[in-house]
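The values are calculated or read from the model by the stated rules, or taken from the named source; none is laboratory data. Here the structure is a predicted model, which means the values were calculated and not measured. A quick note on method: Cβ atoms are made from the backbone with ideal geometry, for glycine too, and the neighbour counts reach across all protein chains shown. These accessible areas exclude ligands, DNA and RNA; they are computed on the full protein's heavy atoms, side chains included. Shrake-Rupley method; radii C 1.70, N 1.55, O 1.52, S 1.80 Å.
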Amino acid sequence: MPAPGQGVTVVGAGLAGSLLAILLARRGLRVSVYERRTDPRRANTDSGRSINLALAARGIRGLQLAGVLDRVMPLAIPMRGRMVHEHDGSAELQMYGVRPEEVVYSVSRADLNRVLIEAAAELPDVELNFGQLCLGLAHERAGFELRDEATGRIHHSAAQPGIATDGAGSAVRDALLARELTSVREEPLDHDYKELTIPPVDGRPALEVNALHIWPRGGFMLIALPNRDGSFTATLFLAREGANSFAQLGTPAAVEDFFQREFPSARALMPDLTREFFEHPQGSLGTVYTRGWHLDGEVLLLGDAAHAIVPFHGQGMNCAFEDCAELIRLMDQHHGWAGLFEAFEHERRPNTDAIAQMALENYREMRETVLDPEYRRRKKEAEEREKRDPNVIPRYSAVMFHPEIPYAAAARLR
Ligand SMILES: Cc1cc2nc3c(=O)[nH]c(=O)nc-3n(C[C@H](O)[C@H](O)[C@H](O)COP(=O)(O)OP(=O)(O)OC[C@H]3O[C@@H](n4cnc5c(N)ncnc54)[C@H](O)[C@@H]3O)c2cc1C
């Protein structure tokens, strides 16, 4: 275990970075965090990416380990299952689990990040630096090169080692790649996403609150997660090009026609559809596979920086929080940082590769398979078996509700 009082740099105070800072400081380390955004406690710094996230057991375990779960749960809305909306307007709730506690929570990304940063800031051994853009590794390798966004001053982080939690577009990963210390394979998805709003109607939620809503349409889908203000954030997942694609939705009339034709029940609940459609960004998605997450005992990639995945299993953040918890667990078994980082990649990569694959497979399940009567029959049978025998755990439950089952083992289940 690293000696107490030793310094560590964390780049990125997003979801993983802020949780990791708390966990490392609770282990007696002095943590300096550098984040490119401004302080979210002072201003709304919403990055424009997903507004709310599904939090499940693996993420909850990480929050518990850091002692912050009690602050997060008041922000969370339980979702008991998927409400599948058919084309004819009928809807059916498909439960996520077979036990009352087997629910997934909808939580605002901005609120969750703010709570984690507040909790980190309360710890005397955490120093938070906002408005600091990491440019990569310092030339002589010791530390990171950073730019103060207010003054333009270039400086270096002092504390070593450095852990990069700077997300899917990681500058630190790029720097390792440029020095041929890492190999990276990026697999962009040919479907993009756009977030829209389903506001409350007469002050009340327009849909069942305790569910994740899906309008599956075969090749594409709309989903909606509840927010605490009674609204829902809807996300359209759609091909970039071709038939039924974003490329075809270039005018308000085309958007209107598409939603009326494909999602009439949702369209009726979206008064600002066309304005939002053209104002909100079209986000891209993809999987990043990295080999070589560490540089000796000096640098480690963690969270999306090491292994970004598509969002269809709702596991990217959960997996990043599990990374944080696993790194802390492995600290007890390793004296030096180099051995710790090597063990971390050795242990985590098979699991992150497994969830990357399951997340891709789950896109088809969400947008298409959930409509299949045969799938529904098999799902009901599996639920009955699981109720009778708690040792029979289907893959979906293993991923969402059983953090004691590693992702790689969950992937072998059906
Ligand atoms: C549409 C969508 C829906 C999703 N839904 C879910 C879900 O339901 N459940 C789930 O578990 N996951 C979900 N995810 C995935 C989840 O958002 C990510 O896996 C998670 O945010 C990863 O956390 P992170 O800390 O590694 O990266 P991030 O949260 O991206 O944090 C990175 C941080 O680093 C900072 N940063 C970036 N570059 C630099 C730099 N050069 N210098 C300094 N700072 C920098 C950023 O400002 C940011 O604060 C979703 C993702 C998307 C896109």
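Tabulated results
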| quantity | calculated |
| --- | --- |
| Pairs where the first residue, in the stretch 266-278, is free of Cβ contacts under 8 Å to residues at least 40 places away in the same chain and the second is part of a helix (DSSP H, G or I), C-beta under 6 Å, 6+ apart | Arg267/Phe259; Arg267/Gln260; Thr274/Pro252; Thr274/Val255 |
| Top-ranked residue of the stretch 327-346 - restricted to ones that are closer than 18 Å to Thr290 by Cα and of a type in the set (Asp, Glu), ranked as nearest to the ligand (Cβ to nearest atom) | Glu345 |
| Strands (runs of 3 or more DSSP E) completely within the stretch 1-85 that count 3 or more residues being within 13 Å of Ile117 (Cα to Cα) and open to solvent by less than 60 Å² (accessible area, probe 1.4 Å) | 30-34 |
| Ala354, sole failed condition from (1) exposed (fewer than 13 other Cβ atoms within 10 Å of the Cβ); (2) within 18 Å of the chain's Cα centre (by Cα) | (1) |
| Residue identified as out of contact with any strand residue (DSSP E or B) (no Cβ under 7 Å at 6 or more places or on another chain), modelled with pLDDT under 95 and on the phi > 0 side of the Ramachandran plot among Gly5, Gly67, Gly28, Gly48 | Gly48 |
| Failed item in (1) in a strand (DSSP E or B); (2) crowded, with 17+ Cβ neighbours inside 10 Å, with Glu92 passing the rest | (2) |
| Filter result (part of a strand (DSSP E or B), farther than 17 Å from Gly250 by Cα and within 16 Å of the ligand (Cβ to nearest atom)) within the stretch 261-293 | Gly286, Thr287, Val288, Tyr289, Thr290 |
| Test for Ala168: is it within 16 Å of the ligand (Cβ to nearest atom), within 27 Å of the chain's Cα centre (by Cα) and at pLDDT below 95 | no |
| Phe246, sole failed condition from (1) away from the ligand (no atom under 16 Å from the Cβ); (2) farther than 20 Å from Gly89 by Cβ; (3) surrounded by 13 or more Cβ atoms within 10 Å (Cβ to Cβ) | (1) |
| Any hit, the stretch 8-21, residues being more than 14 Å from the ligand (Cβ to nearest atom), touching a residue at least 24 places away in the same chain (Cβ under 8 Å) and either under 17 Å from the mean Cα position of the chain (by Cα) or over 30 Å from Glu195 (Cα atoms) (or both) | yes |
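One line per residue, one yes/no per condition, for (1) surrounded by 16 or more Cβ atoms within 10 Å (Cβ to Cβ); (2) more than 22 Å from the chain's Cα centre (by Cα); (3) polar (S, T, N, Q):
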{"site": "Arg291", "(1), (2), (3)": "no, no, no"}
{"site": "Leu295", "(1), (2), (3)": "yes, yes, no"}
{"site": "His307", "(1), (2), (3)": "yes, no, no"}
{"site": "Glu322", "(1), (2), (3)": "yes, no, no"}
{"site": "Gln333", "(1), (2), (3)": "no, yes, yes"}
{"site": "Trp337", "(1), (2), (3)": "yes, yes, no"}
{"site": "Met358", "(1), (2), (3)": "yes, no, no"}
{"site": "Asp372", "(1), (2), (3)": "no, yes, no"}
